[in-house]
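Data block below; observations after.
The values are calculated or read from the model by the stated rules, or taken from the named source; none is laboratory data. These figures come from a predicted structure and were not determined experimentally. Cβ sites come from the backbone with ideal geometry, for glycine too, and all protein chains shown count toward neighbours.
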Amino acid sequence: MSSLRWTFSDTLVLAMRQLRRIPRQPDLLIGYTIQPVMFVLLFRYVFGGAIATPGFTNYANFLMPGIIVQSIAFGGFVTALAIADDMNKGLIDRFRSLPMSRIAVLSGRAFADIALNALQLVVLIGIGLVVGFGFDSDVPRIALGIVLLLGLGFAFSWVFCLIGLASGSAETSNAIGFTLIFPLTFASGAFVPPSTMPDGLRQFAEANPFTTLVDATRHLFLGAPANSDVWMSIVWIVGITAVASTLAVRRYRSLAG
């Protein structure tokens, strides 16, 4: 078997391993189902009446792309926790001792996250339609938006792989991921227009990649002005994937000694 086929085969096996855990541990789906719904309801009905969103007929249309981008970016949190837990239990050491592709341990989890993020996307769009969100674009643009979001989730799965490998425990990986990424999603145009923010924070929010990704989603789902947001989102996704996957694989190999 060629090296590429070997890597693909091992990646598929480990991705299926990750997905087969779900029926035995359904609590793993909380972060993909219940938590995003709670965020939608909280922002829609607690803060929605107090936030002005020029150019949008209702706050639900402004909100949902931001909630979706945030939730998809955080979809790899379970991967970080699982990797840190597997390291503490010695499972990663067992994988390293087997005649298998080194990258498959990480890529298998990243590809499994695509399926879980797809489920999360269905849940979010469903609850969005219930609270007043509605698509205002053609089918090809909506499809491109979905592909873009799944690509975002894949990129951040590698980020969380790196966090899991760099953490000493599941608790530490949770704290690191929350501290690094959560502020970025809120200091962006995801939930309020950056124009309403004070100087300094406004400039940061406008340059924040999450703002670019959210604006691209609003364009593809709702027809909002995009400028270069779609292309820049693709650049960000490719760049994050390339950097995070390279660092994660390098970290994994260094642990292998």
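Computed values, structure above
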| quantity | calculated |
| --- | --- |
| Search result, residues across region 93-119 that are of a type outside the set (A, V, I, L, M, F, W, C), without any contact (Cβ under 8 Å) to a residue 24 or more places away in the chain and either closer than 20 Å to Ile34 by Cβ or not in a helix (DSSP H, G or I) (or both) | Pro99 |
| Hey, Val235 surrounded by 22 or more Cβ atoms within 10 Å (Cβ to Cβ) and among the hydrophobic types (A, V, I, L, M, F, W, C) or not | no |
| Tally, over region 44-76, of residues that are assigned to a helix (DSSP H, G or I), surrounded by fewer than 21 Cβ atoms within 10 Å (Cβ to Cβ) and not β-branched (Val, Ile, Thr) | 5 |
| Val122 being under 20 Å from Ser233 (Cβ atoms), part of a helix (DSSP H, G or I) and without any contact (Cβ under 8 Å) to a residue 12 or more places away in the chain | no |
| Odd one out for Asp138, checked against (1) surrounded by fewer than 24 Cβ atoms within 10 Å (Cβ to Cβ); (2) among the charged types (D, E, K, R); (3) in contact (Cβ under 8 Å) with a residue 24 or more places away in the chain | (3) |
| Of residues in region 147-178 being surrounded by fewer than 18 Cβ atoms within 10 Å (Cβ to Cβ) and in contact with a Phe, Trp or Tyr (Cβ under 9 Å, 6 or more places away or on another chain), the one modelled with the highest pLDDT | Phe178 |
| Selection count, region 115-170, where residues are closer than 18 Å to Asp229 by Cα and polar (S, T, N, Q) | 1 |
| Evaluation of Ile240 against (1) crowded, with 20+ Cβ neighbours inside 10 Å; (2) at pLDDT 90 or above; (3) under 16 Å from the mean Cα position of the chain (by Cα) (one fails), failing number | (1) |
| Which listed residue, of Ile103, Ile142, Ile92, Ile72, is β-branched (Val, Ile, Thr) and within 11 Å of the chain's Cα centre (by Cα) | Ile72 |
| Unique match (being surrounded by fewer than 19 Cβ atoms within 10 Å (Cβ to Cβ) and under 25 Å from Phe43 (Cβ atoms)) among Phe210, Phe182 | Phe182 |
| Test: residue in region 217-230 that is more than 24 Å from Ile51 (Cβ to Cβ) and either of a type in the set (A, V, I, L, M) or part of a helix (DSSP H, G or I) (or both) | yes |
